[in-house]
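One structure below.
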Amino acid sequence: MFTKYIFFFLSVLALYSAVMVLVSKKPIHSVLFLTLAFFAIAGHYVLLNAQFLAVVHVIVYAGAIMVLFLFTVMLLNLNADERSPKPAWVNFIAFVAGCMLMLTLVGVFRGYDIRVAQDPSLSQIGLVKNLGRILYHDYLVPFELSSVLFLTAMVGAVLLGKKEQL
């Protein structure tokens with residue numbers, strides 16, 4: 001019973017902070033609200049008995065990625081005064097892309113069957129042993145393909161960041 005209230009609190013906190021990321025005028029405030037949203041999602045992982053994922057989520061996202069975002073925002077010195085207004089065609093393309101995303105989501109969730117889920121505390125999927133078994137047995141090929149994709153992106157970023165031409 002108590003976990004239901006924690007779930008609703010974390011959900012409201014995550015939704016509020018996600019909306020505030022978009023609404024905030026200052027980029028630093030957006031980064032801080034995004035950090036709050038990451039912590040709320042980590043709380044959901046704990047409720048789902050996935051403690052390892054919660055800790056990794058906090059370390060990777062709320063730790064490393066958010067520090068990177070924070071330093072990027074501070075180094076770029078993004079102020080609202082310096083931004084130029086976007087042309088009308090950019091806004092139109094953004095609207096069309098948003099509509100296409102909405103159509104995709106409607107198509108995906110139209111066939112979604114809403115059932116009452118079992119008690120998440122009974123599930124042991126989030127424990128390290130079970131997570132490793134599923135990740136390296138059932139989803140080995142997608143895991144390896146994503147690692148090759150990340151390696152390719154890292155090499156591309158290094159090549160783009162180099163000063164001299166190859």
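The values are calculated or read from the model by the stated rules, or taken from the named source; none is laboratory data. What you see is a predicted model, and the numbers here were worked out from it, not measured in a lab. Backbone-built Cβ (ideal geometry, glycine too); neighbour counts: all protein chains shown. Each accessible area value is taken on the protein alone, full model and side chains, heavy atoms only, with ligands, DNA and RNA left out. Shrake-Rupley method; radii C 1.70, N 1.55, O 1.52, S 1.80 Å.
Could you check region 7-30 and list, in sequence order, the residues that are surrounded by fewer than 16 Cβ atoms within 10 Å (Cβ to Cβ) and over 21 Å from Leu68 (Cβ atoms)? Within region 7-30, Phe7, Phe8, Phe9, Ser11, Val12, Leu15, Tyr16, Val19, Val23, Lys25 meet the criteria. The set of residues from region 11-53 being in contact (Cβ under 8 Å) with a residue 40 or more places away in the chain and closer than 28 Å to Asn130 by Cβ comprises Tyr45, Leu47, Leu48, Asn49, Ala50, Gln51, Phe52, Leu53.
Across region 40-48, not a single residue is classified as closer than 17 Å to Leu68 by Cβ and open to solvent by 50 Å² or more (accessible area, probe 1.4 Å). The sole residue among Phe109, Phe150 that is open to solvent by 80 Å² or more (accessible area, probe 1.4 Å), modelled with pLDDT of 80 or more and out of contact with any helix residue (DSSP H, G or I) (no Cβ under 8 Å at 6 or more places or on another chain) is Phe150.
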